[in-house]
Structure formats: C-alpha cells, structure tokens
Amino acid sequence: MDNKVYVFDTTLRDGEQVPGCQLNTEEKIELAKELEYLGVDIIEAGFPISSPADFRSVQEISKAVKEPVICALSRAVEKDIKTAADALLYAKHKRIHTGLGASDFHIQNKFKSTREQILVQAVHAVKYAKSLVEDVEFFAEDAGRADVVFLAQMIEAVIGAGATVVNIPDTTGYCLPHEYGAKIKYLKENVKNIHKAIISVHCHNDLGLASANSVYGLMNGARQVECTINGIGERAGNTSLEEVVMVLKAHPYLNLQTNINTQHLNPISRIVSRMMRMPVQANKAIVGANAFAHSSGIHQDGVLKNRENYEIIDPAEVGAGDSKIVLTARSGRAALNFRLEKLGFSLEREELNVTYEKFLIMADRKKNVDDLDLQQLMEEALVLK
Ligand code: KIV
Ligand code: ZN
C-alpha cells in the first residue's frame, strides 16, 4: 500500500464557515500561497455557488496558486457542479468535490428522500462532474452515522461513476476512533472497486476526537486527510492539520508520510489566527503559546537536563523557536538560575538561595516573572549588598 498521505486543507472552505472568520479574496489568495508553501496537496478554496465573492475567490486562487490541486465544493446538483467547474477554469490542477447525505437521518430529515433516490442522485452528480473535470471527489455526508452496508453500496456506485476520491465525513463528530477506523477498514475490504479511488477522512471535533479519528482512519487504509489550520471550522471545528501531521511524524512506525514543511506550522497558525481573528488557545497542541513552555520546578529541572525529558517534539521542527522556561511561583532554583544566566548574571550557590527567596515573594505577587522583573530583582540585590 502506498504510504503517502495527501493533505487536503479546507481552512478556506469549512474553516471559513465559522461566524466572524470570513476573508476577502485578497486575504484568501495570501493564505492559499501560505498553504502552498506549507506543502499541502489540495486546497479546498471555496463553495462557488454560495456567493459571487466565493466564486471569485476560487477563480483568483486558481490563477495564483499552481502547485496544489484547487478544489471547489458543490452540492449534488448540476447548477452547483457547473458553477464549481466554471470557477476552476484557470486552475492547473482542479477537482470538484460533490456529494450528499449518506445516513438515514440525513436522507429522511434533510433530503426527505429514500436510499434508492439518493444513490441515483449521487451517481448522476459524479457522472456530470466527471464530464467537466477529470478529478472528482465524492463526499458521503454524515457517513459517521451511516449504515456501513449502505455506505459501501454508495461508495461502490460513485467510484463506478468515476469518483477518484471518496470522502467519508464524520460530519457531526460522533464516532469513536476505533469505530471510525473500523468503518474505513470495512470499505477497504468490501467495496469491490475501492482500489480505483483514494479514501479520504474528514472529521469534526464535537467530542474532541477529530484528530484521533482521522489518524485511525489513516491507519485503516485512508490516504487523504481533510483538515484546517488550528482546527478551525463549524461548531467545535475540524481536524487540526498540525496535529495529524505531527502525530504521523512523531510515530514513524506507522509508516505514513506527508509532504508538509513542518517548520511553517507555527508561522501559518499565527497568520490564520490574525487574519480570521480567532485566538489560538494557549494549551493547543503544536501551535499553542504554552505548547513548549515549562513552568513547574520538576519539569523545568528535567528539561534543562535534557529537553526530551518532557518534550516529544523539538519546537524548532514546528517553527516554534526554543522551549520556554516560564518563571512562576512553582519554578525551582534551576529555572531561575537558567534565566538569570541568559541575562548575564552568574550567581554562587548561596547568592542563588537568597535571590530565590526574593523571587518567590515576587512570583506570588506577579504570577509570571519576566526579564524586566528579574533585572529589577538583581538591581535591588546589588543595592542591598
Ligand atoms: O462535514 C462535512 O460533511 C462536510 C462536507 C461538505 C464534506 O464538510
Ligand atoms: Zn465538514
């Protein structure tokens, strides 16, 4: 089996659906170029039928970005599909992403339809898209809650109609990792023509399991992951690109590789956060402000002896600079000494003991002691000498 995992970034489509995160065309082009530099394989640039501005964004990104495949979303209706194809006119590598609901819940309560009618519509949509572009991805919406036997039937039918990629979304973020992995495995083993298409995972984070589910899907045969920078997206968000990429890198025995330039993960995270006005939580894996910060005495002592005592990733590898030793009232003498040495102070053991007592008083008051505070602490110590 091929071990390359295709990274399909949907920050500009599923990510941009978040209220308040909308970008204008110029911002989208800028971000698309950053995604190209990051090394993503596919950029889902928008949903062209949804608005003239989205159409224009897909069109302009198609002109400006040449390395990745540019993908446009559509519902499984001809008007949407044709509009997506028109927006992709200038793309060097283009893909239409079309689909509809696969779960009985969606079929009955959203489409007011039947499994039989849905199958006919799915096949028709893929055939029509295929008459316009070569690369067609089909999404089986709410596949996470769909009956797996019907799902397999649907996937076999759309591959027969020409789909090159089949997307199995856990649209509502409901699945547990082993269940989602089993669903992908079932498709891999029971869909007769599955070798003709790539299976894609697209997970939402309603239960905080999007990245875990995506990894399980990949471990069970999927070879494309749909994700967003910082995990932004509808409700609780989508799979975080940075998390899945680093899970695969940190576990080489999985033998799954991406093309991602990991040193650009932190810079692009900050760009997305700034452009979309979405702060990144401090404890977010890989890109949070505290992802490589150590504040308790025990951990700081361990990191200063050997970074790998408490870090499984080198922050430089993900563009996060150096590990940070944060001084708080929980810090120990080793951390204080380390930070003082960085400022040019070299203390004897007894001097350090005295300074440490003063530092603790300051830290209880200040919560976080920075370089300016340390300078002040040392100046006062010199005056009192
Ligand atoms: O979550 C989902 O099912 C989607 C599809 C449109 C792919 O975003
Ligand atoms: Zn989605």
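The values are calculated or read from the model by the stated rules, or taken from the named source; none is laboratory data. Note that the coordinates shown come from a computational prediction; the quantities given were computed from them, not determined experimentally. Note that each Cβ is placed from the backbone with ideal geometry, even for glycine, and that neighbours are counted across all protein chains shown. Side chains included, ligands, DNA and RNA excluded: accessible areas come from the protein's heavy atoms. Shrake-Rupley method; radii C 1.70, N 1.55, O 1.52, S 1.80 Å.
Here is how the numbers come out for the structure above:
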read-out	value
Residues located in segment 135-156, provided they are of a type in the set (Phe, Trp, Tyr) and open to solvent by 10 Å² or more (accessible area, probe 1.4 Å)	PHE139
Cβ pairs under 9 Å, 6+ apart, first in segment 139-154 and free of Cβ contacts under 8 Å to residues at least 12 places away in the same chain, second away from ligand 2 (no atom under 16 Å from the Cβ) and not basic (Lys, Arg)	VAL149/TYR186; VAL149/ASN190
Subset of segment 220-237 that is surrounded by fewer than 23 Cβ atoms within 10 Å (Cβ to Cβ) and among the charged types (D, E, K, R) - its residue that is modelled with the lowest pLDDT	GLU234
Scope segment 253-264; condition more than 17 Å from ALA32 (Cβ to Cβ) and open to solvent by less than 50 Å² (accessible area, probe 1.4 Å); matching residues	LEU254, LEU256, THR258, THR262
Pick from segment 134-156, criterion in contact with a strand residue (DSSP E or B) (Cβ under 9 Å, 6 or more places away or on another chain) and under 12 Å from TYR186 (Cβ atoms), ranking: nearest to ligand 1 (Cβ to nearest atom)	ALA143
Scope segment 157-197; condition within 16 Å of ligand 1 (Cβ to nearest atom) and either part of a loop (DSSP other than H, G, I, E, B) or open to solvent by 50 Å² or more (accessible area, probe 1.4 Å) (or both); matching residues	ALA163, THR164, THR171, THR172, GLY173, TYR174, CYS175, ALA197
Some residue of segment 46-58 being in contact (Cβ under 8 Å) with a residue 40 or more places away in the chain and part of a strand (DSSP E or B)	yes
Wholly enclosed helices (runs of 4 or more DSSP H) of segment 202-286 bearing at least 3 residues in contact with a Pro (Cβ under 8 Å, 6 or more places away or on another chain)	210-219
In segment 233-249, residue nearest to ligand 1 (Cβ to nearest atom) [restricted to those that are of a type outside the set (A, V, I, L, M, F, W, C) and more than 19 Å from PRO169 (Cβ to Cβ)]	GLU242
Those helices (runs of 4 or more DSSP H) lying entirely in segment 289-385 with at least 1 residues out of contact with any Pro (no Cβ under 7 Å at 6 or more places or on another chain) and under 30 Å from ILE260 (Cα atoms)	297-305
